[in-house]
Each structure stands twice: as C-alpha cells, then as structure tokens.
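Structure record follows, encoded as structure tokens.
The values are calculated or read from the model by the stated rules, or taken from the named source; none is laboratory data. Only a predicted model underlies this, so the values are computations on that prediction, with no experimental measurement involved. Cβ coordinates were reconstructed from backbone atoms using ideal geometry, including for glycine residues, and neighbour counts include every protein chain displayed. For accessibility, only protein heavy atoms count, side chains too; no ligands or nucleic acids. Shrake-Rupley method; radii C 1.70, N 1.55, O 1.52, S 1.80 Å.
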Amino acid sequence: MTDTTEVRTPDGTHVDDVPRATDVHRASRPERPERPERPERPERPERPERPEQPEQPERPEHTALTAAARSALDRPVVPLRHPVRWIAAALVLVVLLNFVETLFTNEQWGWPAVGNWLFSPAILTGLQLTLVATALSAVISFAGGIVVAVARLSRNPVLSGLAWGYVWLFRSVPLILVLVFLYNLGSLYPTIGIGIPFGPQWEVPTANVLGDLAIGVIGLSLSEIAYASEIVRAGVLAVDHGQLEAAQALGLPRRRQFTRVVLPQALRSIVPAFVNQIVGLLKASSLLFYVSLLDLFGVVQNLSSTYPTDIIPLLVVATIWYLALTSAVSVAQYYVERWTSRGSARALPPTPFQRLRAAVRPGRPGGTDRHTRVASARRVVTSAENDGKAIS
C-alpha cells in the first residue's frame, strides 16, 4: 500500500480543486476553423512544336577573314627594314677592311719575323712563367677571398673590422707599388720569424724565404684577395634569405649551411665577376717584369733591347699570346657558367657547337627554316564554323 498526502492551500482548498493555468489558457483560445481544400490546378496544354529554322547563311565577314588569313600564310614574310643600321655597319666594315689591308701591305709589321718568334724557346719560357704565376695567384686569391668575405660577414667585430681594413688597404694601393715594396722587403726586415711577442723568436733571412717567383705570386695574391672578397661577399648576399632559413630549420650546422647551401648558389653570381678578375690578373702579371721576373712581357722587353729591328714583331707576338690566353679563359668561363646554372634555368643555353649545328642543319629540331615556320603557322587557322576562334 502507498500513503497519500493531501496538500491544502492557505485558503483551505485542495490543490486538485485549483484550475491549472494551461487549462484556462486553452479554454480562452478560440478554435481555428478548418482550411478549405485547394482546388486542383488544371493541366497546362502542351506547347506546339516550333518549326525547324533554316540554316543561317555563312556570314560574309567570316568568309573574308578566312580568305585573308590563308592568303597571308601564302605570302612571304618581309622583315622590317633598318637603313640606318645597315649604313653604320657598312661604314664600320669599310674602316675594318682598310685596317686589314694595312696588315698585309705595310712591311713594318714584319710577319715573317712574327712567325719566327712566335714559338721560340725564350717566348715559350716566359709564357710558362706567366701561366704558373697567374694560376697560383688565382687559386690563392679565390681561397683567400672566401676567408676574408666570411670574416667580413662575421658578427665578431674584431674579424669584421680587420677584414674591412685589409680590403680598404689593398684596394687603395696600386699593384706595382705592392710588388716593388715586397721586392725591397729585405731592406726593411733582413730577417723574418715567428715567436712570442717581445720574447724568443724563430727567424730566417728574408732573402732565403722570398724568391722572385714567391714575391710575384704573393704580391698578385694580396691585391686580388681584396677584390675577390668583395665579389664573394656580393654573391653570398645575393642568395635568397629563405634558403638560409630553410637550412637552419633542417638543423644544419653553420659551416654546412655555408658550404652546401649558400656557396653553391652564390657561385652563379661569383663566377662571371671572378673570371673577369682572372683576365685582369693575367694581364697584371706583366708587371712581374719590374721585380726581375722574366714572364712573357719581360722576355719580349729583353728581346726588344737585343733585337731593336724586331720591336714591332715581338710586340705582335706578345699580343697574339695574350689574346689566345684570354680567349681560353673566356671559353672556360662559358662552360662553368653553364654548369652552375643547371639548378636555376629550365633549359641550358646551347653551346657554340650546338648553334653551329642548328645553323648548318636547319631542318632538325631547333632549326629556323621558312618551311618549318609556315607549317607550324598553318596548324593555327581561322574558320567560320567556330565563329572566328583559333583552332590548332
């Protein structure tokens, strides 16, 4: 059994006797009338079929456009004329032909003597010394330029300041002055050594350490390092900073970041400028004559004093060899630049041999004959069926 408890209100009535608010509210609402049913919509009558329209005649403008395009393909392409350019080229050609004429008609050039001196043992010995001094100076200057550039970019104020001072000093002093100063270094320092400052030193005579070739190579290298460091620094700064950030995000050490990420990309900017420095270094090696080194220019100078009648032929011989050396360096520069641009260019530029092959065989891919161009142009035509749009 369950017990029930009666709940009374303060006025003595039962809770069940009090009408609920919901019942009162429902009682006060009027009943909604029922909605009448909607009448059914009558069916729509079927539309009569439209009669087929006759085909529109071909528009005259499309026909005219097609005929004009096809006639334009059949006509030869006339290039734009440049009369001023041809006149300037003709004047330059006339001057050049006059100079070439003097090369064969003026006997003072002494071409038979040029042939005799071109491969003489003395000239070849001087040429060998020029190549050795230039090669050693180029390698030392490039390595030293990288070191000075890294020191210049360092956050260490001492290294950065010393690198800046080195570049400032050797870019301000002429090369001939550096060579003569080093040649007379024995008068200033009879002995050179290393040891504890103001303490015991290990010393050797200066003349025993610095020979003529060593003085020449050191003088050329000291001057070229200053210029090479600025070239390397400019190439490093040209690399996108995002590359360095990506290398840092991978957790690579700073040395590996520079050698594997920054420097290979900087070579694209460094190589052209540094090869120009090598060409300048090759010509600057002629100053070694003033420190008692008989390079190519020094040999020519000595032979000119011995054979005064062959001064012009000997100068022509030196000119021919310098032209040959600089041309070889330029060819090497082209292929090095082509190798360093592999990661940045979509397609490598053709080599001179590939260009010559394309010019000789115009029918091959990459040729420039007229039949190939006309055939490719005919594949793009304008027709009236596609409303004048180009199709291929």
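Things worth noting here:
- Once Rg and the Kirkwood radius are both taken over the C-alpha atoms of the stretch 168-277, their ratio Rg/Rh works out to 1.16.
- Computed from phi, the 3J(HN,Hα) profile of the stretch 131-142 under the Karplus parametrisation 6.51, -1.76, 1.60 (θ = phi - 60°) reads 5, 5, 5, 5, 5, 4, 5, 5, 5, 5, 5, 5 Hz, with x in place of Gly and Pro.
- What a 1.4 Å probe finds exposed on the stretch 152-292 is 63% carbon and sulfur by accessible area, rounded to a whole percent.
- Accessible surface, the stretch 194-243, averaged per residue in Å² (probe 1.4 Å): 55
- Shown for the stretch 227-316 is the translational diffusion coefficient from the Stokes-Einstein equation, using the Kirkwood radius over Cα pairs, a temperature of 4 °C and a viscosity of 1.567 mPa s: 79 µm²/s.
- Shape call, the stretch 75-147: gyration tensor on alpha carbons, a/c limit 1.5: oblate
- Pair ILE320, PHE104: separation of 7 Å Cα→Cβ label points (nm): 1.7
- Working from label points 7 Å from Cα in the Cα-to-Cβ sense, the ALA214 to LEU96 distance is 5.0 nm.
- Projected area averaged over orientations for the stretch 198-356, convex hull of C-alpha atoms, nm²: 16.5
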